[in-house]
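Scroll down for the structure; my scribbles are underneath it.
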Amino acid sequence: MTVTLPAPAKPGRPRDAGADDRILRAVVDELSDHGVAGFRINNVAARAKVAKRTLYSRWAERDELILAGLSTLALDLVPPRTGSLVSDMNVLYDDIADALDSPRWLIAARCSFELPDHPELYALFQRDCIDKPLAVVEDVLRDAQLRGELRAGVDRSVAAETFTGTIAGFSSHIARLRGVSARGARQHFLRLFLYGLHDDGDRSGHSDVVPE
C-alpha cells in the first residue's frame, strides 16, 4: 500500500527584521508631536507602516510601547573605569553633555513633565531613564572611595544628583538663552565639583583636574 505524505507546510510570512526600529522611531516621533497625553497607537502604526497587531505582538500595552520609545532617549552611560576619579568624571561629563545636547533629549524632557500624571509609567521611566544613569555615576564615586580618593562623609547619591542635574541645567533652553552651555561651563564646574569630592589630604595641585 502506498502512503501519501502530506505536503510540507508553507513557511509563514517572515518576521520584518526592521519593524522594531521603525516602530520605536515612530513612537519617538509621536511623543515629539503629541506628548504622552496625545499619544495614539493608531498613529504609531501608520508612521511605522505596520499593522496594529504587529505592535501588540511586541508590546502588549500602550505604556510598554511608550516606555520602549522613551528608553531609546535615555542616557546610555557606562562606568569609564579609568582608575582615576578625575579621569572618570571628565569622561562622564562629556558623555552626559553630548547626550543632553541632542534634540532627541528635549522629547524626553518634555514627556517627563507629563509623566507624573501617569504614576505607573513614571515609575518605570524613573527606573530606566533616571535611576540607571545615576547608578553609573554612583558606581564611579564608590570606586573612587575604595581607592581613597573621596573625602570622608561624601554622600554619593547627592553627589551623583548634583553632577547630572547641573549638567542638565547647563544644557537647558533657558541656560542657552542666558549664554550658558555645558561646554562653556565644563572646566569651572569640574574644578569646583572635584575639589569638593577629593580627600582632605589630597587637594593640592587640583587646579589642573580638567584636561585642556
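The values are calculated or read from the model by the stated rules, or taken from the named source; none is laboratory data. Since we're looking at a predicted model, the values are computed, not measured. Positions of Cβ are backbone-derived with ideal geometry, glycine not excepted, and every protein chain shown enters the neighbour counts.
Of note:
- Of all residues in segment 68-89, those satisfying the criterion of being buried (at least 20 other Cβ atoms within 10 Å of the Cβ) and part of a helix (DSSP H, G or I) are GLY69, LEU70, LEU85, ASP88, MET89.
- Within segment 123-137, the only residue that satisfies the criterion of being surrounded by fewer than 17 Cβ atoms within 10 Å (Cβ to Cβ) and touching a helix residue (DSSP H, G or I) at 6+ places or on another chain (Cβ under 7 Å) is ASP128.
- Candidates ALA99, ALA135, ALA108, ALA168, filtered to the one that is in contact with a Cys (Cβ under 8 Å, 6 or more places away or on another chain), under 30 Å from TRP59 (Cβ atoms) and not acidic (Asp, Glu): ALA108
- Positions within segment 156-187 being of a type in the set (Lys, Arg) and surrounded by 17 or more Cβ atoms within 10 Å (Cβ to Cβ), in sequence order: ARG156, ARG186
- Index of the failed condition, GLY153 passing every other in (1) crowded, with 17+ Cβ neighbours inside 10 Å; (2) outside any helix (DSSP H, G or I); (3) of a type outside the set (Val, Ile, Thr): (1)
- Any hit, segment 159-175, residues being modelled with pLDDT of 95 or more, within 29 Å of GLU64 (Cβ to Cβ) and small (Gly, Ala, Ser): yes
- Residues that are among the basic types (Lys, Arg) and part of a helix (DSSP H, G or I), drawn from segment 36-67: ARG47, LYS52, ARG53, ARG58, ARG62
- Residues satisfying the stated conditions in segment 138-150, i.e. surrounded by fewer than 16 Cβ atoms within 10 Å (Cβ to Cβ) and among the small types (Gly, Ala, Ser): GLY148
- Checked against the criterion of being more than 20 Å from SER172 (Cα to Cα), of a type in the set (Val, Ile, Thr) and touching a helix residue (DSSP H, G or I) at 6+ places or on another chain (Cβ under 6 Å), the candidates VAL78, VAL50 yield just one match: VAL50.
- Answer residue from segment 31-46, given it is free of Cβ contacts under 8 Å to residues at least 24 places away in the same chain and out of contact with any Ser or Thr (no Cβ under 8 Å at 6 or more places or on another chain) and is surrounded by the most Cβ atoms within 10 Å (Cβ to Cβ) among those: VAL44
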